[in-house]
Amino acid sequence: MIKLYAYNTINSLKVLMVLLETGLEHEFIPLNIRQGEQHSPEFRALNPVGKVPVIVDGDLVLAESNAILLYLAQKAEWGLGQSADDAAQINFWLFYQASSQSPYFGQVEYWSAIAKKPNPDALAQYKAIAHKSIAYLNDELEGRNYLYGDDYSIADIALFPWINDYGHLGLSLEDAPNVARWWKAVKARPATSKACRFFDDRSVFKTKKPTE
Ligand SMILES: N[C@@H](CCC(=O)N[C@@H](CS)C(=O)NCC(=O)O)C(=O)O
C-alpha cells in the first residue's frame, strides 16, 4: 500500500490525481504544513527538506512531485505513452512544469496573496511571464486534446493544478481558448473532480495561511 504524505497543495494534488486515475491502492496521510508538521523529526527522516508530497512504497521513500508522478506511472503502466520516445516527450513536460511553470506561477501567488509588503512591479512581471507560459501551452494544444499524443498522460496532470488556480492568481485564459478547453476537459475527469473534492471536503485542509 502506497502511503502519500501530503496537504492541500498544487504538488500534492498532482500525486492524488495520478493515484485516482490509476487506481493504485494508497493511504493519504495529511501533513498540516500550515501548522509546521513538516518540521517534525519523523517527517524530516522521510524528507530532510521538510516538503510535501512524499510517498512511501515498501522500502522506497520518494519526494519531488514529478519524480513521484514518473514512478507511479511506471508502476501502473499508465500515462507515459506507448514508447520510449513518447516517455521522453512526456518527460519534457515534467521538466518544463518544474522549471518554467511552477517557479513563475509560485511567484504570482507569493506577490498576490502571501507577501506582507505589496510589490506591484514584481507582481506585474511574474503575471506577464505566467501569461507567456499560458500562451505557449495554447500553441501546443492547437488541434489536439492533450499536451502529448492522443492520450491523457502525466504531462497533463503535472501542468493542470497551477492552471486550475488561474482565477485565484488573477490570471486570464481569455486569450488562450485551447488551454481553457483543455483545463475544462481535465477538470471534468472523474479522478480530477474526486481529487479536488477530497481537499475541499476535509476540515484538516481548512487551516488558514499565516497571512489570512
Ligand atoms: N519541487 C517540490 C516542491 C514541494 C513544495 O514546495 N512543497 C511545499 C508545498 S507545495 C511545502 O511542503 N512547503 C512546506 C515548507 O516549505 O515548509 C515538488 O514538486 O514536490
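Is it the case, given these coordinates, that PHE95 is within 16 Å of the ligand (Cβ to nearest atom), assigned to a helix (DSSP H, G or I) and surrounded by 15 or more Cβ atoms within 10 Å (Cβ to Cβ)?
no
Please name all residue pairs, on different chains or six or more residues apart, with Cβ atoms under 8 Å, provided the first residue is in the range 159-173 and is more than 18 Å from ASP200 (Cα to Cα) and assigned by the TED database to the domain that holds TYR136 and the second residue is of a type in the set (A, V, I, L, M, F, W, C) and part of a loop (DSSP other than H, G, I, E, B).
Hits for this filter: LEU159/LEU147.
Would you pick out the residues in the range 54-71 that are in a helix (DSSP H, G or I) and open to solvent by less than 30 Å² (accessible area, probe 1.4 Å)?
Within the range 54-71, SER65, ASN66, ILE68, LEU69 qualify.
Name the residue, out of GLN74, GLN35, GLN89, that is in the same structural domain as ASP150 (by the TED database) and open to solvent by 40 Å² or more (accessible area, probe 1.4 Å).
Going through GLN74, GLN35, GLN89 in turn, the sole match is GLN89.
So, in the range 32-55, of the ones that are under 21 Å from ASP201 (Cα atoms) and near the ligand (Cβ under 8 Å from one of its atoms), which residue ends up modelled with the lowest pLDDT?
ILE33
Out of all the residues in the range 132-147, which are open to solvent by 70 Å² or more (accessible area, probe 1.4 Å) and not small (Gly, Ala, Ser)? Break it down into steps so the answer makes sense when it comes.
Step one: filter the range 132-147 for residues open to solvent by 70 Å² or more (accessible area, probe 1.4 Å), giving 132, 136, 139, 142-145.
Of everything in the range 132-147, those that are open to solvent by 70 Å² or more (accessible area, probe 1.4 Å) and not small (Gly, Ala, Ser) turn out to be LYS132, TYR136, ASP139, GLU142, ARG144, ASN145.
The values are calculated or read from the model by the stated rules, or taken from the named source; none is laboratory data. Since the model is a prediction, treat every value here as computed from it, not as a measurement. Using ideal geometry, Cβ is built from the backbone for each residue, glycine included, and neighbour counts are taken over all protein chains shown. Protein only, heavy atoms only, side chains kept; ligands, DNA and RNA dropped before computing areas. Shrake-Rupley method; radii C 1.70, N 1.55, O 1.52, S 1.80 Å.
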